[in-house]
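First the structure, in the form of structure tokens, and then the observations on it.
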Amino acid sequence: MNLIVIGPAGSGKSALVSSFSQFLKEEGYDTKAVNLDPASPPVYDAFKDVREFVKTEEVMVKEGLGINGALIRSMDMSLNYIDELIVKSDFTIYDTPGQMELFVYLNSGIEIAKKIGKSDASVCIFVVDTAVASTPENYVSILAQNAVVSLRLDMPTLTVFNKVDVRKVPTIEEVRSKIREGGGVLSELMEGLLDFMNVTTARYRTVAVSAKSGEGLDDLLCAVNEVFCSCGDLS
């Protein structure tokens, strides 16, 4: 199975790739990690690394581009090497660029995801910093982002709240209660947007982990396996 790890900068994607890879190996699975971020060297043992072919800092110099232009150009160039970066194993974990917009909104990023998706059963792991979900506004926006990621990449997407060793994830009931306390048009809008939950895996249960401590990694494995299990419903 392919696991494509995506999320905003600072959400702990690479740390999760590192800890989850180790966890899966200890569970006896053949697990390989692949770095798809041309701007950053991996902090884990990468079986394949896009930086063997494309390095953003070199693109900046060779093509006279600023950092944003070089990032976009790097993703376009990375697409040319994706066939060499696709790996078969029990679990292949693909780490994506820190700026998730590069992967979700660029045609090259979407094409990379499609090629990975065609190679085997694939799940997108949308990683969110739990601290960001601490307000109703942010929680609702996370649900909306999950729906966008799932639609853009055309694959099932798990919302995974990271860094629970620092902050507890609010329940949907707690979020709804806070929204109703606010009142007004904005609260009505936010409560309506909670319907986004119906098109995300968050409606089944909350997957909360700590890449630092390893908490919840067993639950993440269960959730990943249940995505394609006809006998379960992520309950």
> For the stretch 80-99, which residues satisfy the criterion of being closer than 23 Å to ALA15 by Cα, among the polar types (S, T, N, Q) and at pLDDT 90 or above?
Replying inline: SER89, THR92, THR96
>> Checking the structure you have, find out if any residue of the stretch 78-90 is touching a strand residue (DSSP E or B) at 6+ places or on another chain (Cβ under 6 Å) and either outside any helix (DSSP H, G or I) or not hydrophobic (A, V, I, L, M, F, W, C) (or both).
In response: yes
> Here are some conditions: (1) of a type outside the set (Ser, Thr, Tyr); (2) assigned to a helix (DSSP H, G or I); (3) under 27 Å from VAL132 (Cα atoms); (4) touching a strand residue (DSSP E or B) at 6+ places or on another chain (Cβ under 6 Å). ILE93 meets all but one. Which one does it not meet?
Replying inline: (2)
>> If I filter the stretch 1-35 down to residues being among the polar types (S, T, N, Q) and more than 18 Å from ASN80 (Cα to Cα), which single residue comes out as surrounded by the fewest Cβ atoms within 10 Å (Cβ to Cβ)?
In response: GLN22
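Suppose we filter the stretch 5-26 for residues that are of a type in the set (Lys, Arg) and either at positive phi or touching a residue at least 24 places away in the same chain (Cβ under 8 Å) (or both); how many remain?
The number of residues fulfilling the criteria is 1.
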>> I need the full set of residues from the stretch 100-121 which are closer than 17 Å to LYS13 by Cα and buried (at least 17 other Cβ atoms within 10 Å of the Cβ), in order please.
In response: MET100, LEU102, PHE103, VAL104, GLY109, ALA113
> Do the conditions hold for PRO38, that is, is it closer than 21 Å to GLY214 by Cβ, crowded, with 18+ Cβ neighbours inside 10 Å, of a type outside the set (D, E, K, R) and under 22 Å from the mean Cα position of the chain (by Cα)?
Replying inline: no
>> Looking only at residues that are outside any loop (DSSP other than H, G, I, E, B) and touching a strand residue (DSSP E or B) at 6+ places or on another chain (Cβ under 6 Å) in the stretch 114-128, which one is nearest to ARG167 (Cα to Cα)?
In response: VAL128
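The values are calculated or read from the model by the stated rules, or taken from the named source; none is laboratory data. A quick note: this is a predicted structure, and the numbers were derived from the prediction, not measured. So basically every Cβ, Gly included, is an ideal-geometry build from the backbone, and we count neighbours across all protein chains shown.
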